[in-house]
1. For residues that are farther than 20 Å from Asn80 by Cβ and not in a helix (DSSP H, G or I), scanning just segment 204-222, find the one that is nearest to the ligand (Cβ to nearest atom).
2. Pick from Ala170, Ala233, Ala225: which is more than 10 Å from the ligand (Cβ to nearest atom), touching a residue at least 24 places away in the same chain (Cβ under 8 Å), open to solvent by less than 10 Å² (accessible area, probe 1.4 Å) and more than 26 Å from Gly35 (Cα to Cα)?
3. Go through segment 80-129 and give me each residue that's of a type in the set (Gly, Ala, Ser) and within 13 Å of the ligand (Cβ to nearest atom).
4. Restrict the check to segment 179-188 and report whether at least one residue is hydroxyl-bearing (Ser, Thr, Tyr), within 12 Å of the ligand (Cβ to nearest atom), under 20 Å from the mean Cα position of the chain (by Cα) and modelled with pLDDT under 95.
5. Ile159 - would you say it is of a type in the set (A, V, I, L, M) and more than 16 Å from the ligand (Cβ to nearest atom)?
6. Suppose we keep only residues that are touching a Gly at 6+ places or on another chain (Cβ under 7 Å) and surrounded by fewer than 21 Cβ atoms within 10 Å (Cβ to Cβ) within segment 104-128. Which one would you say is farthest from Phe227 (Cα to Cα)?
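The values are calculated or read from the model by the stated rules, or taken from the named source; none is laboratory data. Remember, predicted model here, so these are calculated numbers, not experimental data. Here the Cβ is made from the backbone with ideal geometry for all residues, glycine too, and neighbour counts use every protein chain on show. Keep in mind that these areas ignore ligands, DNA and RNA; they rest on the heavy atoms of the full protein, side chains included. Shrake-Rupley method; radii C 1.70, N 1.55, O 1.52, S 1.80 Å.
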Amino acid sequence: MLEGKRALVTGSTSGIGLAIARALRAEGADIVLNGLGEKDEIDKLAAELDADYNGANLLDPAAIKEMMREAGPIDILVNNAGMQHVAPVEDFPPAKWDAVIALNLTATFHTTRLAVPHMKAKGWGRIINTASAHSVTASPFKSAYNASKHAVAGFTKTIALELAQTGVTANCISPGYVWTPLIEGQIPDTMKARGLTREEVINDVLLAKQPTKKFVQPEEIGALAVFLCREEAGNVTGANWAIDGGWTAE
Ligand code: NAD
C-alpha cells in the first residue's frame, strides 16, 4: 500500500517509533530511522528494515535541518521522539524543562516546517505526531511533559487547518501507557516522588489510569499509523486519536 512513499520516523531506534517504522515498512514504505543508541543495534535494525538511518540529535535545530536535507523528500513524517522527566515543579531542573520542550515540541515544529513544502508540491502527505493521553489530561510531577504534549496537540490541529486543501493530513496518536524504555525509566523517579514501591507504581499509578488494566502494545500503535496513511484516511485530519485503554474516556 505504501510502495514509493518515503517515511521518516523520529525516535525509531526503540519502543513506539520502532513499531511504527516496522508497520510502515511492512506496507512497503521506504524508511528513514532516527534515534539514539548503540551502533551495532542500530545497524541491525537498519538491515532488518532495509532502511536509511540518521542519528541527528533532535535537541539541536541545526542537526534537524541537516537530517531533513540528507533524508530527501519525505512523504510520511512521524514525529515520535520524546523524553520524560518526573519531579515536583519546585524541584524541576530548568535544563530538563528545556530539553523536554525542545525534543517533544520544538523538534516537531522543525521537521514539519522542513517537510511540508515537498508534501504540498506533491499534493499528498501524512504527518503523524505521537502525542500522549497527557495531551488532553495531566498527571502530577510531569509538568514539562504534559505542557509539551498539550502543545503538540495544538500544533497538530493548526497545521491540519493550514494544510486542509493540499492532500496533506496531520494527526496525533495519543497512547496511554505503553511498556517501553521510556516508561521503565520513569519508575524510579515516580517511586521517589510519590514514596511508592515499584509494584505500586505499576499497578496503582500507571495501570490505575487504564480501565483495561493492560499496557498498550507498540504494534497496536503501528497499526493505527498505517491506517492514517491509507487513502481512506484522507479526510482524517486534525484528530487526536486516543489509544489508551479507555483512560481519557473517564
Ligand atoms: P523510548 O524511550 O522507547 O523511545 C524514544 C526514542 O526517542 C528512542 O528512539 C530514542 O533514541 C529517541 N530519542 C531520545 N532522545 C532523542 C534525541 N535527543 N534525538 C533523537 N532521538 C532521541 O520511548 P517510547 O515510549 O517509545 O516513546 C515514543 C513516543 O511516545 C514519545 O514521544 C513519548 O512521549 C510517547 N508516548 C509514550 C508512552 C508510553 O507509555 N511509552 C505513552 C504516551 C506517549
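1. In this case the residue turns out to be Gln210.
2. On the way: Ala170 fails: more than 26 Å from Gly35 (Cα to Cα); Ala225 fails: more than 26 Å from Gly35 (Cα to Cα).
Sole residue among the options that is more than 10 Å from the ligand (Cβ to nearest atom), touching a residue at least 24 places away in the same chain (Cβ under 8 Å), open to solvent by less than 10 Å² (accessible area, probe 1.4 Å) and more than 26 Å from Gly35 (Cα to Cα): Ala233.
3. The answer is Ala81, Gly82, Ala99, Ala102, Ala107.
4. First pass over segment 179-188, keeping only residues hydroxyl-bearing (Ser, Thr, Tyr): 180.
After this cut, where a residue has to be within 12 Å of the ligand (Cβ to nearest atom) as well, the list is 180.
Adding the requirement that they be under 20 Å from the mean Cα position of the chain (by Cα) leaves 180.
Filter once more, keeping what is modelled with pLDDT under 95: 180.
The answer is yes, given that some residue of segment 179-188 is hydroxyl-bearing (Ser, Thr, Tyr), within 12 Å of the ligand (Cβ to nearest atom), under 20 Å from the mean Cα position of the chain (by Cα) and modelled with pLDDT under 95.
5. Details: of a type in the set (A, V, I, L, M): yes; more than 16 Å from the ligand (Cβ to nearest atom): yes.
In short, yes.
6. Gly123
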